[in-house]
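Notes follow once the structure below has been shown.
The values are calculated or read from the model by the stated rules, or taken from the named source; none is laboratory data. Worth saying up front: this structure is predicted, and the values here are computed from it rather than measured. Note that we place each Cβ from the backbone using ideal geometry, even for glycine, and neighbour counts take in every protein chain shown.
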Amino acid sequence: MNRPVRTRSSLGAVALALVVCILALGPVQAQGIRLDALKIPVPNPGGAGPSTALLDAIVLRPDDGQPHPLVLLNHGSPRSAGDRPSMSPYGMWAQAAEFARRGWVAVAFLRRGYGVSQGGWAETYGQCAAPDYAKAGRAGATDIAAAAKFMTGQAYVSKGRWISVGRSAGGFATVALTSTAPSGLAAAIVFAPGRGSTGPDTVCVEDELVDAFAQFGRSSRIPLLWVSADNDHFFGPKLVTRLSDAFAKSGGKLALVRTAAFGSDGHTLFNENGTAIWAPIVDRFLRDNNLVLRDRLLDAPERPAQLRTR
């Protein structure tokens, strides 16, 4: 059988066709996750330092040249004030990576007074005997709202909707945030939210913390996922019932999920080692609120040098 002879002109036609096909499909885009360090400017009225404070942050996002919705990740507050200066946004790198894998621009940042973020610490609730938890929560919420305003102005962040995720004090600030519903806030996720833990299973004036959640619930209508482990020794199951009931009965839109015991203290559930537990819970909440961005997760990024020795 005689085989057709391919001439240079026919090979050129094939190559041209391939080029046309590639151009028609658009540019081939990377499917990795990029990591960038960032300083986020926020107002610092009456605080120590400059009138505009720079907050220490890291951003993890799909490296495809396209804008994506924003998620802000909010840390807790250590019991000892002496531990605040050593905090780093890389402490929530693993959680940010999981959200970036799901298509979000994930920003882990330190609020004023934590780590090297500028500004005085605004989240004090005062004396243990007479705590003002609502004031402390609103102070944290102010930083979250300011960070969101700055980030939604970035070209790689899509406009229209964003979410806030927090644990412990960052979760409490996120609950406070839902009560003011800044523009574009679509949903909130909190892990063991609260303030005032001075030791295992000890909270300064629990009734005042209950009242703060009731205050926030009166004006909160943002969908809120609340996750707490049964062996949380900051805010235990009985207190969680009181706090969540106060929030919901005041009008807050709440989905409470309790998990089995995690480690020696379930307060640490929202970390890298707890991903297998918390990620499916988060995925269900995102799906229920039409916030799923991808059918398939991006590959997990390589751990950054800042964490390889930990």
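Which members of the range 38-96 meet the condition of being surrounded by fewer than 18 Cβ atoms within 10 Å (Cβ to Cβ) and among the β-branched types (Val, Ile, Thr)? Across the range 38-96, the qualifying residue is only Thr52.
Would the range 228-238 turn up any residue that is in a loop (DSSP other than H, G, I, E, B), of a type in the set (D, E, K, R) and in contact (Cβ under 8 Å) with a residue 12 or more places away in the chain?
In the first step, residues of the range 228-238 are kept if they are in a loop (DSSP other than H, G, I, E, B); the result is 230-236.
Then drop every residue that is not of a type in the set (D, E, K, R), which leaves 230, 232.
Now narrow it down to the ones that are in contact (Cβ under 8 Å) with a residue 12 or more places away in the chain: 230, 232.
The answer is yes, given that some residue of the range 228-238 is in a loop (DSSP other than H, G, I, E, B), of a type in the set (D, E, K, R) and in contact (Cβ under 8 Å) with a residue 12 or more places away in the chain.
Pairs meeting the criteria (first residue in the range 71-97 and without any contact (Cβ under 8 Å) to a residue 12 or more places away in the chain, second residue outside any loop (DSSP other than H, G, I, E, B) and surrounded by fewer than 24 Cβ atoms within 10 Å (Cβ to Cβ), beta carbons under 8 Å, at least 6 apart or on different chains) are Pro78/Arg84.
Within the range 44-59, being closer than 19 Å to Arg303 by Cβ and touching an Asp or Glu at 6+ places or on another chain (Cβ under 8 Å) holds for Ile58, Val59. Does Ala246 satisfy being surrounded by 14 or more Cβ atoms within 10 Å (Cβ to Cβ) and either modelled with pLDDT of 95 or more or within 18 Å of the chain's Cα centre (by Cα) (or both)? Yes. Out of Ala186, Ala145, Ala141, Ala155, one residue alone is closer than 23 Å to Arg102 by Cα and free of Cβ contacts under 8 Å to residues at least 40 places away in the same chain. It is Ala145. Across the range 93-117, the qualifying residues are those that are assigned to a helix (DSSP H, G or I) and small (Gly, Ala, Ser), and the one among them that is nearest to Thr142 (Cα to Cα) is Ala96. Can you confirm whether the range 142-151 contains a residue that is buried (at least 18 other Cβ atoms within 10 Å of the Cβ), touching an Asp or Glu at 6+ places or on another chain (Cβ under 9 Å) and part of a loop (DSSP other than H, G, I, E, B)? No, the range 142-151 has no match at all.
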